[in-house]
Amino acid sequence: PYIRQESIKDLKPYFRGKYKTFDKFADIYVYFYEKSLNLLKKDGYLSFISSNKFSKAKYGKGLRQILSTQTEVYEMVDFGELPVFEDAATFPMIVISKHCKPRSETFEYCQIESLDFASLRARIELDGIDLPRSSIANEDWHIGSPRNIVIIERLKDRYQPLKEVIDGKIKYGIKTGLNEAYVI
């Protein structure tokens, strides 16, 4: 479900009343995840390929909470900015999880660096890494290579976040929902 939040403004009042994952900036796939989990029987499996943006963006906080507390995440395959779909920049990620309380201490994560492979499963087996469940256990997920996570944690320990430096007064430049004006 690749429908941007600007295209579903008329549905926002409905989503606000029905979904725990509601955020006024959430794309529709966030609600697909929650609805799917609500329909899924206990110990049922869920696998989606959707945007990876929920794993980082503020609007994904509710979905991250549900995935980390109500499912056993088995695998995440992140394609980053790779053009998996020819006509869309979607930042695809595959998430495979089971509808049950988390039990495992780890899950498999794979950052796909190139689409030049014969078998996705073989690529995951070659490049996948086991990450600690703790990396997705709270509202801020820390997924990626263990080396990069260590660097980020060191930076957080040593330096003040920009948000604090500017007293939370983050401003936008030009902002538009009229994407057609910028696509040539």
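The values are calculated or read from the model by the stated rules, or taken from the named source; none is laboratory data. Note that this is a predicted model, so its numbers are computed, not measured. Heads up, the Cβs are rebuilt from the backbone with ideal geometry, glycines too, and the neighbour counts pull from every protein chain shown. We work out accessible area using only protein heavy atoms, side chains counted, and drop any ligands, DNA or RNA first. Shrake-Rupley method; radii C 1.70, N 1.55, O 1.52, S 1.80 Å.
When Rg is the radius of gyration of the Cα atoms in the chain and Rh is its Kirkwood radius, what does Rg/Rh come to?
0.97
Excluding ligands, DNA and RNA, what is the solvent-accessible area per residue of the range 1-96 at a probe of 1.4 Å, expressed in Å²?
Each residue of the range 1-96 exposes 55 Å² on average to a 1.4 Å probe.
At 1.4 Å probe size, put I170, I152 in order of accessible surface, largest to smallest.
I170, I152
Take K53 and A118, extend 7 Å from each Cα along the Cα→Cβ direction, and tell me the distance between the two endpoints in nm.
Placing both labels 7 Å along Cα→Cβ, they lie 3.7 nm apart.
Once R0 is set to 25 Å, what does the formula 1/(1 + (r/R0)^6) return for the Cβ-Cβ distance between R16 and Q70, expressed as a FRET efficiency to the nearest 0.05?
0.75
For all pairs of alpha-carbon atoms in the range 80-130, what percent lies in each bin of width 5 Å, listed from the first bin to the last filled one?
4, 17, 23, 23, 16, 11, 6, 1
Considering the Cα trace of the range 1-57, what is its radius of gyration and what is Dmax, both in angstroms?
11.7, 35
Return the calculated 222 nm mean residue ellipticity for the chain, to the nearest 500 deg cm²/dmol, obtained by summing -39500 (n - 2.57) across DSSP H runs with n ≥ 4 and dividing by the residue count.
Estimated from H runs of four or more residues: -8500 deg cm²/dmol.
For a Förster distance of 30 Å, can you work out the FRET efficiency between the beta-carbons of S134 and I170, rounded to the nearest 0.05?
0.60
On the protein heavy atoms, probe 1.4 angstrom, tell me the percent of accessible surface of the chain carried by carbon and sulfur.
54
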